[in-house]
Amino acid sequence: MDFTFTEEQQAAVEAARAVFSGVEPDGVPSPALTPGAVAEDVDRPLWAQLAAGDLLGLTLAPEHGGAGLDPVALCLVLRESAKVLARVPLLETCAVAMSLQRDGDPGLAAELLPRVGRGELVLTVGANGRTGHDPAELAVTALRDSNGKNDPSSSNDSSDAGHHSDSSAWVLDGVQSGVPWAHSADWIAVPAHTADGRAVLALVCRTAEGVTLIEQVSTSGELFAEVRLDGVRIEDRALIGTPGAWEWLRALLTTGTCALALGLGETVLSMTSEYTGKREQFGFPIATFQSVAVQAADRYIDLGAMEVTLWQAAWRISTGTAGALPVAGDIAVAKIWASDGVRRIVQTAQHLHGGFGADTDYPLHRFHAWAKQIELSLGPAAAHEEALGDLLAAHPLG
């Protein structure tokens, strides 16, 4: 494996660092001191800066105004975003946009994707199902409705595309819980299953009739939502029925979550190194104590494992390269390391910071809250260990 990044990928990192350099992790109220969500909306000024820096169209094809880069480039930018706890739906928007570009209706893609790249549209996805423990596509049904009528008064504007249906519409019923940034999104990608058990992906306008958002607050203090769909009708072109489309999107989301964990972990380990190098006991910096150095070294090893498994998974998604196991195996390994690694990193950081780590005037507690959210997103380590075991049983090695 060659983990050398291309010039285009490195340029994306530099652009991301320039945009995120002005972001303060404590720019919103502390989740530890806020009874509800820390804010009602995403960081819109930052979102506009990402659009101005062409980072929202990073993975879009040139015909949609994008740079045409791959998931590796997206993960590099996500890594930088997590270092400052950027409050933007970068992963969700880019992943759904890539899925629409890859498997969706070309006409709908041509309408929506240029607006995504310009920062005019926010996309998100429901990946947790009703409870977070069952396959997300089983929580929503997608049934054909051949009795739909064209609405002659409907606008052709893509922002209204979810409000009317044609003669081959679909009807959605069900619930997706813990949908990130749903109140700020314009479109929500909803995995569902058809009458014959096929997994599909529906693109639903947030303001469509029958869509109800129930406020939920994430561990990180951000405003999420339970999305309830009650007879929501969508156009035929808004349903992606390509076999494997939902599985591909979920794989990309999981890999992107690993990139977030890596970026967060790097910042936390850096904070810990700086603190232990200055904090003195018995006249010496505590970083010189063997027990402190050993714990920090263990977390450095975690970080290295998180990084190498992330790039292996991102590389396989980007290139489609065959391996001893399906790409899902590499993604499972990456998420196991990301979930366990980021948890151990923040726990050790809290321990080595002592009481100072719990001070709400110091940002470490915010990173701890975000780390727990990332750890459990798209499945904790135990869920991916089970998935990996199933893959190994089905594809014996050697």
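The values are calculated or read from the model by the stated rules, or taken from the named source; none is laboratory data. Quantities reported herein were computed from a predicted structural model and do not represent experimental measurements. Counting neighbours? That spans all protein chains shown, and the Cβs are built from the backbone with ideal geometry, glycine included. For accessibility, only protein heavy atoms count, side chains too; no ligands or nucleic acids. Shrake-Rupley method; radii C 1.70, N 1.55, O 1.52, S 1.80 Å.
Points to keep in mind about this one:
- Largest-first ellipsoid semi-axes for segment 1-145, taking √(5λ) over the Cα gyration tensor eigenvalues, angstrom: 25, 24, 16
- Kirkwood analysis of the chain, using all unique Cα-Cα pairs, places the hydrodynamic radius at 21.8 Å.
- Estimated translational D of segment 24-99 in µm²/s (Stokes, Kirkwood radius over Cα pairs; 10 °C; 1.306 mPa s): 117 µm²/s
- Value of Rg to Rh for segment 184-292, rounded to two decimals, is 1.26; Kirkwood radius and Rg both from alpha-carbon coordinates.
- The GNM of the chain, with springs linking C-alpha atoms under 10 angstrom apart, assigns the highest mean-square fluctuation among H183, H365, H351 to H351.
- Centre separation in Å (Cα based) which lies between segment 178-221 and segment 334-398: 25 Å
- Radius of gyration and maximum dimension Dmax of segment 15-55, Cα, Å: 12.4, 36
- Top of G36, G126, G197 by mean-square fluctuation, Gaussian network on the chain, Cα under 10 Å: G197
- The ellipsoid equivalent to the alpha-carbon distribution of segment 199-239 has semi-axes of 24, 12, 8 angstrom, derived from the gyration tensor eigenvalues as √(5λ) and listed largest first.
- For the chain, relative contact order (Cα pairs under 8 Å, six or more residues apart, normalised by length) works out to 16 percent.
- Inter-part distance, segment 36-65 to segment 79-97, computed on C-alpha centroids, equals 8 Å.
- Each 5 Å bin from zero holds the following percent of Cα-Cα pairs in segment 67-123: 4, 17, 28, 27, 15, 6, 3, 0.
- Of the whole protein surface, Y275 contributes about 40 Å² of accessible area at a 1.4 Å probe radius.
- Binned Cα-Cα distances of segment 267-322, short to long, each 5 Å bin given as a whole percent: 4, 17, 20, 16, 11, 9, 8, 6, 5, 3, 1, 0
- Per DSSP, loop trypsin sites (Lys or Arg not before Pro) in segment 191-255 with at most 16 further Cβ within 10 Å: R198
- Just checking the listed ones, T242, T257, T272: in the Gaussian network model of the chain with Cα springs under 10 Å, the one fluctuating most is T242.
- In the chain, the DSSP-assigned H stretches of four residues or longer account for a calculated mean residue ellipticity at 222 nm of -15500 deg cm²/dmol, using -39500 (n - 2.57) per stretch and the full residue count as denominator.
- The alpha carbons of segment 285-398 occupy a box of 49, 28, 25 Å along the principal axes, longest dimension given first.
- Solvent-accessible area assigned to carbon and sulfur over segment 260-398 amounts to 60 percent, based on a 1.4 Å probe.
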